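Engineer: Here it is, the structure in full.
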Amino acid sequence: MRLELFLLVAVVLGAAGKPLSKAAARNKLLLISFDGFRWDYDQDVDTPNLDQLAVDGVKAKYLTPPMLTMTAPSHFTTITGRWVEDHNVVHNLMYNTTTNIKLPFKQTMGRSEWWDNGVLPLWITAQNQGLRTASFHYPGGGATYRGQAVDRALLEEFDHPDDNETEWRQNIDLVLSWFSEEDFDLVTLYYGEPDNVGHRKGPDHPDRKTIIEQIDRTIGYLRTGMDRHQLTHSLNVIITSDHGMTTVKKRPQVDEIILNDYIKLSSVSSFEILDYGGFGILEPKPGKEQEMVDALRKAPNLTVYRKNEMPESFHLGRSQRLPSVVVVADLGFNLNSRLILYINKGDHGFHSGEMDMKTIFRAFGPDFRKNLLFEPFDSIHIYPLMCKLLQIQPEAHNGSLAVTEDMLQLGGASHRASQSVLLLLLSMLLLLTML
Ligand SMILES: *[C@@H]1O[C@H](CO)[C@@H](O)[C@H](O)[C@H]1NC(C)=O
Ligand SMILES: *[C@@H]1O[C@H](CO)[C@@H](O)[C@H](O)[C@H]1NC(C)=O
Ligand SMILES: *[C@@H]1O[C@H](CO)[C@@H](O)[C@H](O)[C@H]1NC(C)=O
Ligand SMILES: *[C@@H]1O[C@H](CO)[C@@H](O)[C@H](O)[C@H]1NC(C)=O
Ligand SMILES: [Zn+2]
């Protein structure tokens, strides 16, 4: 009897030690971005659903976006795992420094020549490995890459309202049905809030708190929807954003910067994008670079960089698209060109090291650990995590799975199942010996 028992235990342990014959089942992935969700926006608002997510999944203390902290560049870093200098989506506006054309943000969304610069976003990579993917308003999702489109892509209309809660819920219903009825593997879903209200009213305005409550209800709606669609055990969800938001500093608190007070811009620059938050770009007229840089360096509350002298840590300097001169304002200062036309009360585009530029990262689902407060990390590392979750081979990228993989349950769902079977067997054996 003793020997038989010993043999049985040995057999069970041996079986458990063998590699699993079948890999863990692939779960689906939903990536949601709430534009401009500063890392601490949930700390002065009642957010029961976001709080519950932290219990049921992973919450990073905060997430650091890439330089530059702007919507299109940052979203594209998340979906490619590449620094902005490599993917070259260096602005929200598609521009041409020769023709001086600047296309508005939403028009830029559909222009493949702005997005397709040789770096493949996750949708395309996943599709090429047999998965089905979709993009719902996510920046870059409406372009084609080497001629290849995302399987299903919805672009925001020009007059799309950012804050319609009914529409937010409809979008969730639709996306969940793509997973449950059409077997999509990856969907990226984008919302234009709280960025919009942060710009118009400022991050400290009560309306910002109201929109965070709306986001919180939407997350609650998502979770009941996942149950209804029977996706709770097969869908991983990552909720993140592209940058934070800071209050624009105005008179009389500060002297606002007007760059034209330091040099006649039209005499030295052939192209510029200014009056656009904390980040400005200028192309000097031939032979005028030194004069431009010297003069702008006399302006307070900003830093002037020549492209080829930018700090390595910005990962911007190698961009072929970026003009020769870049200006980054100190936190909260707007880079006004000639007049103070500026009506925004909040903005971004400032240095990604500033706490006000930090943003959020939350994740939950079958492959994520629970009740885990994660140390801050850079958004560049989300890409390898998503590839791991989807069980696909990543493209060359600048992230590292080592940074984020501790969020994951060891070995995935089926490994855990076999562990619990083993435990059950062992306790039955124990019972037998006691009889
Ligand atoms: C800018 O426009 C000019 C003139 O149409 C064109 O030759 C050039 O290729 C464009 N540059 C870029 C980077 O698209
Ligand atoms: C909000 O969206 C719903 C559903 O799309 C629509 O019926 C409604 O008219 C919208 N409300 C506003 C104020 O735009
Ligand atoms: C802006 O620059 C002025 C002049 O150098 C300086 O006195 C002031 O402290 C700066 N303001 C901030 C908020 O850094
Ligand atoms: C980012 O990744 C690309 C592709 O592997 C590589 O060419 C580039 O040098 C990397 N950038 C940095 C700063 O390591
Ligand atoms: Zn944004």
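Engineer: Once you put a point 7 Å from the Cα of residue 207 and another 7 Å from the Cα of residue 113, both along the Cβ direction, what distance in nm separates them?
Structural biologist: Using points 7 Å along Cα→Cβ, the separation is 3.7 nm.
Engineer: Here's something else I'd like to know. Among 260, 123, 218, whose Cα projects farthest towards the positive end of the dipole of the chain, with charges put on the beta-carbon of Lys, Arg (+1) and Asp, Glu (-1)?
Structural biologist: Of 260, 123, 218, it is 123.
Engineer: Could you tell me which of rounded, prolate or oblate describes region 122-260, using a ≥ b ≥ c as the square roots of the eigenvalues of the alpha-carbon gyration tensor, with rounded for a/c under 1.5 and, failing that, prolate when a/b is larger than b/c and oblate otherwise?
Structural biologist: Oblate shape, in that a/c is at least 1.5 and b/c is the bigger or equal ratio.
Engineer: Moving to a separate point now. By how many nm would the segment from residue 196 to residue 167 grow when fully extended, if each residue of separation counts as 0.36 nm and the alpha-carbon distance is taken off?
Structural biologist: My answer for the length gained is 8.8 nm.
Engineer: I've got another one for you. Just how large is the dipole of the chain about the Cα centre, in debye to the nearest 20, putting +1 at every Lys and Arg Cβ and -1 at every Asp and Glu Cβ?
Structural biologist: 800 debye
Engineer: Now, a different point. Reachable aspartates and glutamates from residue 288, Cα under 16 Å, same-chain residues fewer than 8 places away excluded?
Structural biologist: Leaving aside aspartates and glutamates fewer than 8 places away in the same chain, those within reach of residue 288 are 272.
Engineer: Placing +1 on the Cβ of each Lys and Arg and -1 on the Cβ of each Asp and Glu in region 330-374, which of 360, 335, 346 has its Cα farthest towards the positive end of the resulting dipole?
Structural biologist: The listed residue farthest towards the positive side: 360.
Engineer: What whole-number distance in Å separates the alpha-carbon centres of region 212-270 and region 79-113?
Structural biologist: Taking the Cα centre of region 79-113 as reference, the centre of region 212-270 is 18 Å away.
Engineer: Per DSSP H run of at least 4 residues, take -39500 (n - 2.57); add these up for the chain, divide by its residues and hand me the 222 nm value, nearest 500 deg cm²/dmol.
Structural biologist: After summing the helix terms and dividing by the residues of the chain, the value is -10000 deg cm²/dmol.
Engineer: Once the Cα gyration tensor of region 62-138 is diagonalised, what are the square roots of 5 times its eigenvalues, in whole Å and ordered largest first, as equivalent ellipsoid semi-axes?
Structural biologist: 22, 16, 12
Engineer: Which of the lysines could be linked to residue 28 by a straight reach, that is with a Cα gap under 17 Å, when you skip same-chain ones fewer than 8 residues away?
Structural biologist: Cα-Cα hits under 17 Å: 388.
Engineer: Once Rh for the chain is found with the Kirkwood sum over Cα pairs, what is the Stokes-Einstein diffusion coefficient at 4 °C and 1.567 mPa s, in µm²/s?
Structural biologist: 55 µm²/s
Engineer: Springs between alpha-carbon atoms under 10 Å, Gaussian network over the chain: tell me which of 49, 334, 308 tops the mean-square fluctuations.
Structural biologist: The residue with the greatest mean-square fluctuation here is 308.
Engineer: Pairs 209/345; 264/298; 59/345; 106/201: which are spaced more than 18 Å apart, C-alpha to C-alpha?
Structural biologist: Working: 209/345 15 Å; 264/298 13 Å; 59/345 29 Å; 106/201 21 Å.
In this structure, 59/345; 106/201 lie more than 18 Å apart at Cα.
Engineer: State, in angstrom, two size descriptors of region 129-202 derived from its alpha carbons: Rg to one decimal place and Dmax to the nearest whole number.
Structural biologist: Values for region 129-202 (Cα only, Rg and Dmax): 13.9, 44 Å.
Engineer: Give the percent of DSSP beta bridges with both residues in the chain that are antiparallel, rounded to the nearest 5.
Structural biologist: Details: 29 of 54 bridges.
Roughly 55 percent of the DSSP beta bridges within the chain come out antiparallel.
Engineer: State the dimensionless ratio Rg/Rh of region 161-211 (Rg: radius of gyration of Cα atoms; Rh: Kirkwood radius).
Structural biologist: 1.13
Engineer: Obtain the nm distance between the two label points defined at residue 375 and residue 355 by a simple spin-label model: each point lies 7 Å from its Cα along the Cα-to-C-beta direction.
Structural biologist: 1.9 nm
Engineer: Which of the three applies to region 216-311, rounded, prolate or oblate, going by the alpha-carbon gyration tensor with a ≥ b ≥ c and a/c under 1.5 meaning rounded?
Structural biologist: Taking the square roots of the gyration eigenvalues as a ≥ b ≥ c, region 216-311 is prolate.
Engineer: Between residue 318 and residue 260, what is the FRET efficiency for a Förster distance of 30 Å, r being their Cβ-Cβ separation, to the nearest 0.05?
Structural biologist: My answer for the efficiency is 0.50.
Engineer: Further question: Using the count of nearby Cβ atoms within 10 Å as a rough guide to exposure, how do 146, 369, 228, 362 rank from fewest to most?
Structural biologist: 146, 228, 369, 362
Engineer: Based on other C-beta atoms within 10 Å, arrange 289, 167 from fewest to most.
Structural biologist: On the way: 289 17, 167 13.
Ascending Cβ contact count within 10 Å gives the list 167, 289.
Engineer: Is there a quick way to get the dipole size of region 257-343? I mean about its Cα centre, with the Cβ of Lys and Arg at +1 and of Asp and Glu at -1; what is the value in debye to the nearest 20?
Structural biologist: Numbers: 10 positive and 10 negative charges, 34 e Å.
Using Cβ point charges on Lys, Arg, Asp and Glu, region 257-343 gives about 160 debye.
Engineer: If you don't mind, there's one more thing I want to ask. In terms of the Cα gyration tensor, with a ≥ b ≥ c the square roots of its eigenvalues, is region 257-343 rounded because a/c is under 1.5, prolate because a/b exceeds b/c, or oblate?
Structural biologist: oblate
Engineer: What order do you get for 352, 135 when you list them from fewest to most C-beta neighbours inside 10 Å? Provide the component values of the computation, followed by the final result.
Structural biologist: Numbers: 352 22, 135 27.
Ordered by Cβ neighbours within 10 Å, fewest first: 352, 135.
Engineer: Work out, step by step, the length gained on full extension between residue 146 and residue 103: first 0.36 nm times the residue separation, then minus their alpha carbon distance; give nm to one decimal. Write out the running numbers ahead of the final one.
Structural biologist: Details: separation 43, 0.36 × 43 = 15.48 nm, distance 2.21 nm.
So the chain would gain 13.3 nm between residue 146 and residue 103.
Engineer: Suppose R0 equals 51 Å. What FRET efficiency, 1/(1 + (r/R0)^6) with r the Cβ-Cβ distance, do residue 338 and residue 40 give to the nearest 0.05?
Structural biologist: 0.90
Engineer: Moving on to the next point. State, as an integer percentage, the relative contact order of region 257-343 based on alpha-carbon contacts under 8 Å between residues 6 or more apart.
Structural biologist: 41 percent
Coordinate-derived values only; no laboratory data. Remember, predicted model here, so these are calculated numbers, not experimental data. Neighbour counts are summed over all protein chains in view; Cβ atoms, including those assigned to glycine, are modelled from backbone coordinates with ideal geometry.
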